[in-house]
Structure formats: structure tokens, C-alpha cells
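Note sheet for the following structure.
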Amino acid sequence: MSDHILSIAIPRPLEGPFTYAVPDDLVDRVHVGGVVKVPFGRVVTHGYVIGEVESASKLKEGLSLSKLKKIISVELEENRIPKDVLELSQWASRYYFEPLGEVLNCAVPASAIGLKNKKKTSREIEILNNPPQLKDLSSEQSKSIEDINQEFLLNKPVLLHGVTGSGKTEVYLHLATKAMAEGKSVLILAPEIALTPQLHQRLEDGLGTTVALWHSALTDAKRRDYWLAMRKGKIKVLVGARSAVFAPLQNLGLIVVDEEHDSSYKQEGRMRYHARDLSLVRAKVSNCNVLLGSATPSLETLEKVKQGRFGFASLPNRISGSNLPKIEIVDLLEEQCRDGLQAQITEKTITAIRDTIEKGQQVMIFLNRRGYAAFLLCEECGAVQECPNCSVSLTVHKKNHTLRCHYCDYKQTLSQYCTQCSGGRLKSVGAGTESIETELPRHIKNMIPIRLDRDQVTSASRLSEVLEDFRCGKFNTLVGTQMLVKGHDFSKVTLVVVILADSLFRWPEYRSSEKALQVLTQVAGRAGRGKIPGKVLIQTYAKDHPVIQVMTGEMSEEDFLNQERSLREALNYPPFARFARLRIEGRKQDQVKSFASKCVLSLNKRIKESSHSVEVLGPSEAFIEKVKSIYRWDALIKAKDIKVLQEVIFSAKSFPLPQGVSLIVDIDPVGVGY
């Protein structure tokens, strides 16, 4: 019988750790951070070693050594989790109330360590050794780098606030070059894979070395190759989406978080973390510098600058010397719209698009909705085709002749008759990117559109293909959703059109105006990045809305942010309080509602007894109450102090859950509207 025991984190959404016996012949091969094979229930799975091998005499009371299962094997030493990544994962587990096994499964997916591939060995990555192609810096860029390095000496994270087209990427490159010259590695985070191909190429050219890519669309084999190359210290630079914050780069010297304001950095799945926030923790445990870059910084980051916790550098002008694009508001209440289009597009907008195309220039059209139409309405009985699994209407996809749910992917054939009354008067209501792509060319001669949204882009290779086809001029119009907004640089784009700005700032949550300004500023920044001046047309029903006034210059961005800041301070919202969402889920609506009510009543009672300054809002049904046949109810918790907030969450997690009901904790939610 073995005399040794071991704590293992299992990649399941279960509280751990789990204790296993260690066979004598494996004792010397087991190390903290290592990966082992273990029996778990009726299956064999891998687990992560999170503690030193201990004597069986330290077995917790109530556990019997004879009944412990034994670890089966130890994986290769090269799969061992680096110390700083393990420490970051442990911090994330405590902060986000996630089981450590779940966090490590996100940080070190099975594919990265060869457990999903038949071939466990990796292919050698060819490391480029080319002359760096760094561009000469402007005086503004040089000054910003000087300011950043001064703040780095004080061990502060730094915000680089640079307008769109100001050359932030060149600043990143020069800082990365400095870090690499000191023998350090560099991690660059981008909010979505839509940004990574262009950024990846510029980094490889600029630094003259191989830059690894890391995002959800990466193949298992490639993920394995990159993991080992980073683990061995061969790859020094990585660019990737949010999960790259856990990458096993050796001797990390610099982390850059590009577009730090972007909500895509928040993971909304099983492991709810924020990559920007974790990058700050990774920097502490890895003893490296952090640079946050944005043209539209988040209010939270600006508040940290104001408090002196973050350093600050700025790039207030475009690097090309060109001016920012001219913003023009198109009032949908006054302007005439073109008949025969699903989307509301004015004659003025159509004329501007036509004139731009006739000049041989390119257009980008932004609408934050996929599909052909928002929903299908029966004009005889008023019924709307709804998803049977989610409390949303089905989106019309005319090209595929389907009605589709964008939450559970339920599909049904687009019928000519109403499913309720069998009437034949069905009307598509609202517009999506598909309708613009298919209908607008009938009204604008020589318009050749291509679409950029989740329906069109189904892989990383398809994304690269769409962007390259537009860049080389094969298409003169790019129609898209928020994928369009993300940092693209097309020198021939001189006109950007926003079809309906109201859909951005009419969202029922406290961040909607801030997010709307960020999106509109970013999408407007795609125009006029070359030698020809740019123009932006923003169609809206609310020309007097503060967000629109900032875009036109009627209100300064500073005044707008001060208004937002004052409002949040008065309402005790972030960044002036800590925020968490408790989500209660289950398949039985009454059961979910009942437990949510009991949970909040019990919490309020405990809060009253403790005299803590905490506010619990709710419970109420989620903005979309049912998704994938699961009912969801929410309670929101606000507290000035994170420790107090955590105490309340611990209390909530101590309540016994009815069978079939789950409680999900979301710390620092970026939105409460889903």
C-alpha cells in the first residue's frame, strides 16, 4: 500500500481538490504543476497537481487511505504548468469563485498538452530570424514611449490613450523590442480573433521573429506546437485573444492589452474571468510591465489613472498627419428613406455611398445585427415566430431560407404561412447585415459588397480571406457587425456608415452610453486612415442624445465622461463599487423563481445582522429569461469593498440548492443585459 497522498484539481465544474494515493514508483516523478492521469468516477481523466506529495499521516480526518484511488501515470515533464501560470490560476479561482480544476482547464486545455491528439509529440516551430522592420517614430510616439518607461520604473501599469490611427502598434513594437533585447518575452492581447491576423503580420515583420497565435479557432495540433515552443522558451512573442493571458511564456517582460476597453475580454462561459484584469495579476506574479492601449479607455481604467494607481501616456493625433474623419448626423426623423430596402437607409446615405464607390474608394457599413431581419410577423394574427428553447424571436436568414435563434442555434425552415393561423401575410421586421449585402447593390451601381459577421466568418482562415479580399480591392464595400469595429486598417476606406446608432445606446444597462461611444468612435476611426480625408454618416432617431453630441463635437468627451462618472458615483456603480451577479438557473421556471426569492431574502437578513454596507438588487428574471430551455433569474450585489462582496457571495453559496437548480457567480460583470 502507498504511504503518500496528493492533491489533484480535476477539470470539471466541481469543488475540489481531490485526494489520491501515489504509488511508490511514481513519488519521485510527481511535482507541483504536473499533469497526471487518474480514475474519476467511471472514467479516466487528467488532473493537475496542485500540492507537494505528502505523507499519508496528513490525510484529513474521515478519509481512509485504503479507499483512496491511485494516480495511474505522470505526463511528460514538458507539460508541467509554469509556476506563474499556476499562481495566476489559483488567484483566479479564489477571486472568481471558480473551481481550480475549471480554471486550469481554461489555462491549460487538454489540446495544449497533447491529451486530445493521437500524436502527443509536437512539431518543431521554425523560428524566424529576420532584420526587424521598425518604422521611424514621430515626436509624439517617442514622447509616449519615454513617458511609459518612466512609469514602468515606478512599477505601475500604464494607459496609452491614443486616437484611432495614432500609431499605437508602433509603440507596442518598440517596447516589445526593448523587452526582447533584455532577454524577456512579450504577450500581446487583442479582444477578438478579427484583430489578430493583421496585428500578427505587423508584429512578425516589425520584430523579425516568429510570433505565435493563440485563440479559440486554433487547431489542436497547432495549439500543442505553440504550447511546447513557449514552454521551452523558443517562442518569445505571443499575440492572442483573452485565454492567451494564461500562456506559458518564459521570463515574461511585457504584457500589452490592446483595446483594453473591449467587453470581449470578459469570458461569459463556464469560467467567467476578465483577461484585462487578469493581465494585471499576471504582471504581478511574473514581475513584468503592463501597457493598456485604447482610443476609448474604459471608465474603470480612467478612474485608476485619476487615482494615481495607473500611469498615463497619450497619442492625441493621427500618425499620418491626416485629420480625424468628418462626422455627419443623418436624422431618420427628417430624412427620406429609400423604398424597397429592409433596412432604413436614407437617400442622403445612398448618395454618399454611390459617390464614394464611383471615385474608386471603399465603404464600410456597420449594423449591429446579423441575418436578414430581426423577426417574422404575421400581419393577420400578430404572431411572431419564437424560439422554442429561448425567450427570443427567431431571426430571419433569407439566403439559407431559415429562421434561426442566435442563442441556441435552433433552426427551422422559413415557411410561407403562419404556424399559428396559417395566414399567408408574413412580414420581415427590422434589418440585419444580410439584407444590406443582398439588397443595397440593386440600388447602387457597381457596389460589390462582402459581409463580416459570425454567419459569414466560420473559421480563422475564412476571416483572413474576407479581410484580404476587401484589402486588395476585390470588394468595395464591407458590411458588418461589431467585428467591423475592431482595429482594422484599410487605407482606401473613406466612408463609414452607421445604419442605426440608437441600437447601441438604447440598451437597458448602466454601461450602454459608454459602450455606444466606444463603438461609434472605433467604427468612425476606420475612415480616412490613408491620404484621402474620411467621412462618417451616423443615422439616428436621437440626434440630441449625449453620445451623438460627443461624436459631433457639441459635447466634449471629457464632459460626457464626467457626467457618466457622477451618475455612477451617485448610484454606487463601478468604478465606485464592486459588483457581482448571482444567476440562478434551472429547467423549472417556478422552482428557479422561488429559490431566487428565498436566496435574496436570506442574504438581506444576514446583511442586516452583519451591518455591512451592501445592496442586493432583485431578484428578477434575466433580460432574456430562458436560453437553451434553461430559466435564469438574477440578483445583483453591490459593495464598496471586495472582501465584503466576497463574504456575501460565500453566504449565498452556502445555501442548499434544490435538485435541478444551480447558482452561478459572475464577479465584475461587464453587462447585465444578457
Within segment 566-618, the count of residues that are in contact with a helix residue (DSSP H, G or I) (Cβ under 7 Å, 6 or more places away or on another chain), open to solvent by 40 Å² or more (accessible area, probe 1.4 Å) and aromatic (F, W, Y) comes to 0
Scanning segment 331-367 for residues that are exposed (fewer than 14 other Cβ atoms within 10 Å of the Cβ) and part of a loop (DSSP other than H, G, I, E, B) gives L333, E334, Q336, D339, G340, K359, G360
Reported set for segment 340-392 where residues are β-branched (V, I, T), out of contact with any helix residue (DSSP H, G or I) (no Cβ under 8 Å at 6 or more places or on another chain) and farther than 22 Å from S491 by Cα is T346, V384, V392
Restricting attention to segment 370-422, the residues that are buried (at least 17 other Cβ atoms within 10 Å of the Cβ), touching a residue at least 60 places away in the same chain (Cβ under 8 Å) and in contact with a Ser or Thr (Cβ under 7 Å, 6 or more places away or on another chain) number exactly 4
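Would you point out the residue of segment 21-44, among those that are assigned to a loop (DSSP other than H, G, I, E, B) and more than 16 Å from A110 (Cα to Cα), that is farthest from the chain's Cα centre (by Cα)?
So the first thing to find is which residues in segment 21-44 are assigned to a loop (DSSP other than H, G, I, E, B), and the list is 22-23, 30-34, 41-42.
From the residues that got through so far, the ones that are more than 16 Å from A110 (Cα to Cα) too are 22-23, 30-32, 41-42.
Numbers: V22: 40, P23: 43, V30: 36, H31: 33, V32: 31, G41: 34, R42: 35 Å.
Per the criteria, the residue is P23.
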Residue hits (segment 619-634; touching a Cys at 6+ places or on another chain (Cβ under 6 Å), surrounded by fewer than 20 Cβ atoms within 10 Å (Cβ to Cβ) and closer than 15 Å to I584 by Cβ) are V627
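Considering each residue of segment 628-651, count those that are within 27 Å of S512 (Cβ to Cβ) and not β-branched (V, I, T), and give that number. Reasoning before the result, please.
The first filter runs over segment 628-651 and keeps only residues within 27 Å of S512 (Cβ to Cβ), leaving 628, 630-642, 645, 648-649.
When the remaining residues are screened for being not β-branched (V, I, T), the result is 628, 631-636, 638-641, 645.
Looking only at that region, the number is 12.
Checking the condition in contact (Cβ under 8 Å) with a residue 12 or more places away in the chain, among the polar types (S, T, N, Q), more than 28 Å from E300 (Cβ to Cβ) and in contact with a Pro (Cβ under 8 Å, 6 or more places away or on another chain), which residue from T477, T438 passes?
Numbers: T438 fails: in contact with a Pro (Cβ under 8 Å, 6 or more places away or on another chain).
The conditions single out T477.
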How many residues of segment 265-321 are under 30 Å from L104 (Cα atoms), polar (S, T, N, Q) and open to solvent by 40 Å² or more (accessible area, probe 1.4 Å)? The answer is 3
Is at least one residue of segment 555-565 of a type in the set (F, W, Y), part of a helix (DSSP H, G or I) and under 26 Å from the mean Cα position of the chain (by Cα)? yes
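Say whether the condition of being among the polar types (S, T, N, Q), without any contact (Cβ under 8 Å) to a residue 60 or more places away in the chain and open to solvent by 20 Å² or more (accessible area, probe 1.4 Å) is met by at least one residue in segment 518-540. Explain how you work it out, then say what you get.
The initial filter retains those residues of segment 518-540 that are among the polar types (S, T, N, Q), namely 518, 521-522, 539-540.
From the residues that got through so far, the ones that are without any contact (Cβ under 8 Å) to a residue 60 or more places away in the chain too are none.
For segment 518-540, residues among the polar types (S, T, N, Q), without any contact (Cβ under 8 Å) to a residue 60 or more places away in the chain and open to solvent by 20 Å² or more (accessible area, probe 1.4 Å): absent.
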Given (1) part of a helix (DSSP H, G or I); (2) modelled with pLDDT of 90 or more; (3) in contact with a helix residue (DSSP H, G or I) (Cβ under 7 Å, 6 or more places away or on another chain); (4) open to solvent by 20 Å² or more (accessible area, probe 1.4 Å), G206 misses just (4)
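Would you confirm whether or not segment 251-261 contains a residue that is charged (D, E, K, R) and over 20 Å from the mean Cα position of the chain (by Cα)?
No, there is no match, as no residue in segment 251-261 is charged (D, E, K, R) and over 20 Å from the mean Cα position of the chain (by Cα).
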Among (1) at pLDDT 95 or above; (2) open to solvent by less than 10 Å² (accessible area, probe 1.4 Å), A190 falls short only on (1)
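Just give me the residues in segment 492-512 being among the hydroxyl-bearing types (S, T, Y), surrounded by fewer than 21 Cβ atoms within 10 Å (Cβ to Cβ) and more than 19 Å from Q344 (Cβ to Cβ), in sequence order. So that I can check it myself, show each step before the final result.
Keep residues of segment 492-512 that are among the hydroxyl-bearing types (S, T, Y), which gives 494, 503, 510, 512.
Filter once more, so that each one left must be surrounded by fewer than 21 Cβ atoms within 10 Å (Cβ to Cβ): 503, 510, 512.
Those that are among the hydroxyl-bearing types (S, T, Y), surrounded by fewer than 21 Cβ atoms within 10 Å (Cβ to Cβ) and more than 19 Å from Q344 (Cβ to Cβ): Y510, S512.
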When L218 is run through (1) free of Cβ contacts under 8 Å to residues at least 60 places away in the same chain; (2) in a loop (DSSP other than H, G, I, E, B), the failure sits at (1)
Q: Report yes if some residue within segment 113-131 is open to solvent by 30 Å² or more (accessible area, probe 1.4 Å), assigned to a helix (DSSP H, G or I) and within 19 Å of H31 (Cα to Cα); otherwise report no.
A: no
* **Yes/no for S144 being of a type in the set (G, A, S), at pLDDT 95 or above and outside any loop (DSSP other than H, G, I, E, B)** => yes
Going through segment 45-56 in order, the residues found to be surrounded by 17 or more Cβ atoms within 10 Å (Cβ to Cβ) and over 32 Å from the mean Cα position of the chain (by Cα) are V53
Considering segment 57-85, residues that are of a type in the set (A, V, I, L, M, F, W, C) and open to solvent by 10 Å² or more (accessible area, probe 1.4 Å), and then whichever is modelled with the lowest pLDDT, we arrive at L63
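Out of segment 90-110, which residues are over 13 Å from V35 (Cβ atoms), in contact (Cβ under 8 Å) with a residue 60 or more places away in the chain and assigned to a helix (DSSP H, G or I)?
Looking only at segment 90-110, we keep the residues that are over 13 Å from V35 (Cβ atoms), and these are 90-100, 102-103, 106.
Next, from what is left, pick out any that are in contact (Cβ under 8 Å) with a residue 60 or more places away in the chain: 91-92, 95-100, 102-103, 106.
Within segment 90-110, W91, A92, Y95, Y96, L100, E102, V103, C106 meet the criteria.
The values are calculated or read from the model by the stated rules, or taken from the named source; none is laboratory data. Just so we're clear, the structure is a prediction, and the values are computed from it rather than from any experiment. As a convention, Cβ positions derive from the backbone with ideal geometry for all residues, glycine included, and neighbour counts pool all protein chains shown. Heavy atoms of the whole protein, side chains included, go into the accessibility calculation; ligands, DNA and RNA do not. Shrake-Rupley method; radii C 1.70, N 1.55, O 1.52, S 1.80 Å.
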